[in-house]
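**Student:** I have a structure I would like to understand better, so I am pasting it below and will then ask my questions one at a time.
None of the figures in this text is laboratory data; all of them are computed from the coordinates on show. Keep in mind that what you see is a predicted model, and the values were worked out from it rather than measured. Here the Cβ is made from the backbone with ideal geometry for all residues, glycine too, and neighbour counts use every protein chain on show.
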Amino acid sequence: MDILTGDIPVAINILVIGPPLTGKAFLARAIMYNGLKDKEAGIYISTKDSGSKIKDKYAKCGLPLDQYEDAYGIVDCISRSLGTGKTETAKNVVLVGSAVDMTGISIAVGQFLEEFWRKKQMKKIRLVIESLSNLLMYSNIQTVYRFLHVFTGKVRAVDGLGIYTIEEGMHDSMVVTTLKQLVQGVIELKEEGDKRLLRVSGITPMPTKWAEYTIENNEFVVKEV
Amino acid sequence: MPETGIPRLDKFLKGGIPNGKTLLYYVHPGVEGEIFAMQTIYTNLENGNNCVFIASTRNPRDARERFKEFGWGLDKYKDNFAIIDAYSGLIGLESEEKYVVEDPTDITSFNEVIEKVIEECGKGSIIFGSISAIMDMCGEQETLEYVEKWNKYTMLHDGVGVYNFTAWPYSEDTLNKVREELFDSVVVVGGIAERVIFGQYYGIVKANWTEPEKKYILFKVIRPGGIKAFIPKILVTGPYNTGKSTLVHALSTRAVSVDRLATTIALDHGHIDHKEFSVDIFGTPGQERFDPILKLLGGEAMGLLLIVDSTKPEEFPRAKAMLEMTLGYGLPFIILANKQDLPNALSSEEIRERMKIGKEIKIVPTVATQKKGITEAFETLIDMIVGAD
């Protein structure tokens, strides 16, 4: 993405939108991972997969989290939601009651922020919510909007980078328009024939041109425009 | 009277929450608020009251697990504790609970169950739920109308309603109504934030059955244990070799000293978990050359323990000078007349006379080496800091 927009500015929230299976989650994971590689902190809020599954996904993509033990946290909104009595806590993973429990999510994120930003003095932080579509399955747009209003504000307050994925075609256009008001940038992904394309808007004065991208050898590669 | 079980809150509320009344924990987003209601519930179960918990954002089994995290087993209260399951219906799970809200997005579905529960549970029982969670599901205005109804119903049946409300950016009207109008008492739970939240506090906004003390208390959430009032800095000072390090170590759950040749040249630091309090104490060196440290710490402390050697009246002027150095900050303080076990130890009253200390100031006789009198001195100071009665 840096190829398209230059450096990513700080204190910014970006919505990643695209049809299913276009690599939104991969992109979000890669952005957080690149931060970890640069000694930044990362907080991953998963409304889809358990904490251990997120770690597996990272590992399978050739992006093992183990080496950054002190720099990342996962907020797992899934493991407890089915009431299987599962309370085991893995290192770096905080379990929240469910994806409906936005109060719980914001407390968990707050605790990680305090640890990284204040105690460990890591002043650069990347946060991912994957995905907003799952939040919207159980809560209405007003509720999610209020939660994100506070959340995106917090991201900006700590000069962080927030990445939020959302499925295209799953919500009506009013929902997406409402959410766009909360972010400073949007990355759109789409498929055309056998090509995958993306563009970025909001960060540069005009949206970038559609650029082809591929996911090969565990890398998200945007081809030069 | 049902109590909140939150440190000092029942004293501020003049005993607790009278039957027929409601209390709202008004919680800022990102601050641990649900634990307040959980602690209130557990306290009341221990006191023999019936309690009902509305689970809106988590599975009932998970809600019970959360109590366990704080060391609060619910198994022994099977007959006194129930959960209203307002979660399973939302995600299409079967519920095992006695009380189930079939459609958690419909306020009338909530109403049916809540009215039934208030009727069945009887006098003095606590009903808890998150108003904001219900509002998010059923709509703001609809929920608030029904909350008014439930509050009246609670009053009629002599029950007690305890609610949480996460103050998300709802409309100003809604926030005002929740904070000012709907409930008999409101306790605000907030965060001290400078970009990230690094401290948490609570305090009473209103309580219509009494003139509540409007103090704010810092707190920490301890697992297990629950909410403890947090006092970040109590200073221990006094002349050379009066027993400051001994006192810090004797009081503390854990402590460290920075020592050289058996006297403190930098700082003693101790942490105390005592009853409902979590306290950090700092001991300063006694020699005059370290006075700048004393002044620095005095500016940030919340209270002061001044320790004197009861056998050395010649050092009292120095003790008084140390006191004056910190008193400019208006700290609550007490004096510990230490080494009372030694021959020639002066009594508290003799010390008061020699130091020319007014009657209003407490002087507690202590023997720090034998841990005598020190807990009493510590508790007296804590009471002065957070307000005792």
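**Student:** In what order do B:Arg223, B:Arg58 fall by count of nearby beta-carbon atoms within 10 Å, going from fewest to most?
**Tutor:** Taking fewest neighbouring Cβ atoms as first place, the list is B:Arg223, B:Arg58.
**Student:** Here's another thing I want to ask about it. List the equivalent ellipsoid semi-axes of the range A:17-70 in whole Å, largest first, each obtained as the square root of 5λ for an eigenvalue λ of the Cα gyration tensor.
**Tutor:** 19, 13, 10
**Student:** Could I ask something else about it? Would you mind checking which residues have amide H under 5 Å from A:Asn13's amide H? H placed 1.01 Å from N; only 5 or more apart, or other chain.
**Tutor:** Sorted by chain and number, the residues that satisfy this are A:Gly162, A:Gln184, A:Gly185.
**Student:** Further, regarding this structure: Give the Debye-formula value of log10 I(q)/I(0) at each listed q (0.09, 0.11 Å⁻¹), with one equal scatterer per alpha carbon of the range B:119-238, two decimals each.
**Tutor:** -0.34, -0.49
**Student:** Subtract the Cα-Cα distance of B:Thr210 and B:Gln141 from 0.36 nm times their separation in residues, and report this length gain in nm to one decimal.
**Tutor:** So the extension gain works out to 21.9 nm.
**Student:** Starting at the first residue of the range A:22-29, write each ³J(HN,Hα) from the Karplus equation 6.51 cos²θ - 1.76 cosθ + 1.60 with θ = phi - 60°, in whole Hz, x for Gly and Pro.
**Tutor:** 9, x, 4, 5, 4, 4, 4, 4
**Student:** Please list, ordered by chain and number, the residues whose modelled amide H lies under 5 Å from the amide H of A:Val128; skip anything fewer than 5 residues away on the same chain.
**Tutor:** Amide H to amide H, under 5 Å and 5 or more residues apart or across chains, A:Val128 pairs with A:Ile43, A:Tyr44, A:Ile45, A:Ile163.
**Student:** While we're here: Step by step: find N for the range B:231-386, compute 2.2 N^0.38 Å, then divide the Cα radius of gyration by it. What's the final number?
**Tutor:** Dividing the Cα radius of gyration by 2.2 N^0.38 Å gives 0.93.
**Student:** Based on the Kirkwood radius over alpha-carbon pairs, what is the Stokes-Einstein translational diffusion coefficient of the protein assembly as shown at 37 °C with 0.692 mPa s viscosity, in µm²/s?
**Tutor:** 121
**Student:** Extending each Cα 7 Å along its Cβ direction at B:Arg195 and B:Asp158, get the distance between those two points in nm, one decimal.
**Tutor:** Result: 5.6 nm between the two label points.
**Student:** Note the angle between two axes, namely the Cα long axis of helix B:107-121 and the longest principal axis of the Cα atoms of chain B, as a number of degrees from 0 to 90, rounded to the nearest 10.
**Tutor:** Tilt of helix B:107-121: around 70 degrees.
**Student:** Per 5 Å bin, what is the whole-percent P(r) computed from every C-alpha pair distance within the range B:299-388?
**Tutor:** 3, 15, 25, 25, 20, 10, 2, 0
**Student:** Here is a further query. Listing B:Glu94, B:Glu276 from the residue with the fewest other Cβ atoms within 10 Å to the one with the most, what is the order?
**Tutor:** With the sparsest Cβ surroundings first, the list reads B:Glu94, B:Glu276.
**Student:** Could you state the angle between the C-alpha long axis of helix A:141-157 and the longest principal axis of the C-alpha atoms of chain A, as a value from 0 to 90 degrees rounded to the nearest 10?
**Tutor:** Around 90 degrees separate the two axes.
**Student:** Rounded to the nearest angstrom and ordered from largest down, what semi-axes does the equivalent ellipsoid of the range A:2-222 get from its C-alpha gyration tensor (root of 5λ)?
**Tutor:** 25, 20, 18
**Student:** Now for a different question. Can you pull the mean other chain C-beta count within 10 Å for peptide B:58-66?
**Tutor:** Across B:58-66, the average partner-chain Cβ count within 10 Å equals 6.
**Student:** May I ask for the Rg/Rh ratio of chain B, computed from Cα atoms with Rh as the Kirkwood radius, given to two decimals?
**Tutor:** 1.08
**Student:** When Rg is the radius of gyration of the Cα atoms in the range A:47-134 and Rh is its Kirkwood radius, what does Rg/Rh come to?
**Tutor:** Rg/Rh: 0.95.
**Student:** Give the Cα extents of the range B:1-108 along the principal axes, in whole Å, largest first.
**Tutor:** For the range B:1-108, the Cα extents along the three principal axes come out at 44, 32, 28 Å.
**Student:** Compute the projected area of the convex hull of the Cα atoms of the range B:9-224, averaged over all viewing directions, and report it in nm² to one decimal place.
**Tutor:** Taking the Cα atoms of the range B:9-224, their convex hull projects to 11.5 nm² on average.
**Student:** Pop out the Kirkwood hydrodynamic radius of the range B:275-322 from its pairwise C-alpha distances, inverse of mean 1/r, in Å to one decimal.
**Tutor:** When all Cα pairs of the range B:275-322 are included, the Kirkwood radius is 12.4 Å.
**Student:** Continuing with this model, one more query. Quote the Stokes-Einstein diffusion coefficient, in whole µm² s⁻¹, for the range B:1-59, based on the Kirkwood radius over alpha carbon pairs, a temperature of 10 °C and a viscosity of 1.306 mPa s.
**Tutor:** Rounded, D is 128 µm²/s.
**Student:** Between 0 and 90 degrees, rounded to the nearest ten: what's the tilt of helix B:140-156 against the longest Cα principal axis of chain B?
**Tutor:** With both axes taken from Cα atoms, the answer is about 80 degrees.
**Student:** Something else: What value in Å³ per residue do you get for the convex hull of the alpha-carbon atoms in the range A:157-225?
**Tutor:** Expressed per residue, the convex hull around the Cα atoms of the range A:157-225 is 142 Å³.
**Student:** Cα-Cα over 20 Å: which of B:Lys21/B:Lys152; A:Lys48/A:Lys209; B:Lys14/B:Lys76; A:Lys37/A:Lys60?
**Tutor:** Correct reply: A:Lys48/A:Lys209; B:Lys14/B:Lys76.
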